[in-house]
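Asker: Below are the structure tokens for one structure; questions will follow.
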Amino acid sequence: MDDLLRERCLKYAAHISGLCGVECVVMDIAEKCFVGLRQDELKFCNHCTYEKRNLISTHLYGSYEAYRWNGKYIYYCPRGLVFVASSVSDDHGLMTASMIAGPIVMGDLNDAFEDMPDHGIRGILHDIPNYSTARVNHLAEIMETVTAYINMIPHSRVGTFVYEQEKILNSFYSVQDIYRDNHQDIPYPIEQERRLQKLILAKDKQGAQE
């Protein structure tokens with residue numbers, strides 16, 4: 001991520017955090033790390049004792065889903081707390097970063113206490129923002145608008161391309177299933193799939209369709 005994009009992301013993440021009272025951080029997709037802070041500096045997630053916790057994988061998942069679904073995605077962490085991700089693309093439409101807001105308790109706070117087996121999180125649950133479903137959706141819409149401004153490219157334009165290329169890639173898997181169901185001993189075209197994936201990542205629409 002270049003320095004200008006980094007500064008813009010951090011600036012607007014701070015505005016979202018200040019306005020909404022929700023921790024908002026920036027993730028560098030290529031480096032697979034949070035920008036400007038270490039994992040152990042995250043205010044709430046550090047208290048989570050979930051043994052299979054993987055912060056990077058959880059939020060990379062949310063980021064890629066946001067990129068896939070026109071710039072925003074609402075998801076749960078393994079402990080049932082809510083996060084909102086919004087993707088940030090470069091001049092070529094490739095995702096280079098994401099903004100992630102959360103954690104949020106969505107819905108009734110008492111229900112969240114009952115469903116939370118992690119006593120470390122229970123102790124600070126009152127400090128985590130408590131949003132209604134509608135308010136979480138409002139936050140997602142605002143973040144999508146902010147990152148579209150940072151991108152200088154509409155998420156819909158990026159999302160349409162990704163969806164079209166994803167349909168092409170999925171056709172490979174459909175053919176494989178047909179061959180498998182009919183017990184035909186025809187090797188799967190793995191090299192063709194790899195070439196297609198490279199063309200999709202390079203945003204070469206004509207090459208991918210061919």
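Asker: For segment 55-99, name all the residues that are open to solvent by 10 Å² or more (accessible area, probe 1.4 Å) and assigned to a helix (DSSP H, G or I).
Answerer: Correct list: L55, I56, S57, T58, L60, Y61, Y64, E65, Y67, R68.
Asker: Restricting attention to segment 114-130, which residues are modelled with pLDDT under 75 and open to solvent by 50 Å² or more (accessible area, probe 1.4 Å)?
Answerer: E114, D115, P117, H119, R122, G123, H126 - these are the residues of segment 114-130 that are modelled with pLDDT under 75 and open to solvent by 50 Å² or more (accessible area, probe 1.4 Å).
Asker: Also, I was wondering about something else. Exactly one of these conditions fails for C20: (1) at pLDDT below 90; (2) surrounded by 17 or more Cβ atoms within 10 Å (Cβ to Cβ); (3) not aliphatic (A, V, I, L, M). Give me its number.
Answerer: (1)
Asker: Return the pairs, sorted by first residue and then second, in which the second residue is open to solvent by 10 Å² or more (accessible area, probe 1.4 Å) and basic (K, R), the first residue lies in segment 25-37 and is in contact (Cβ under 8 Å) with a residue 40 or more places away in the chain, the beta carbons are less than 9 Å apart, and the residues are 6+ apart or on different chains.
Answerer: Short answer, once both residue conditions are applied: V26/R6; D28/R6; V35/R6.
Asker: Which residue is most open to solvent (accessible area, probe 1.4 Å), if the candidates are limited to segment 23-32 and must be among the hydrophobic types (A, V, I, L, M, F, W, C) and over 16 Å from C45 (Cα atoms)?
Answerer: Going through the qualifying residues, I end up with A30.
Asker: Taking segment 59-75 as the region of interest, how many residues are in contact with a helix residue (DSSP H, G or I) (Cβ under 9 Å, 6 or more places away or on another chain) and of a type in the set (S, T, Y)?
Answerer: Number of matching residues: 3.
The values are calculated or read from the model by the stated rules, or taken from the named source; none is laboratory data. Keep in mind that what you see is a predicted model, and the values were worked out from it rather than measured. In this analysis, Cβ positions are derived from the backbone assuming ideal geometry, glycine residues included, and neighbour counts consider all displayed protein chains. To get the accessible areas, we keep the full protein, side chains included, count just its heavy atoms, and leave off ligands, DNA and RNA. Shrake-Rupley method; radii C 1.70, N 1.55, O 1.52, S 1.80 Å.
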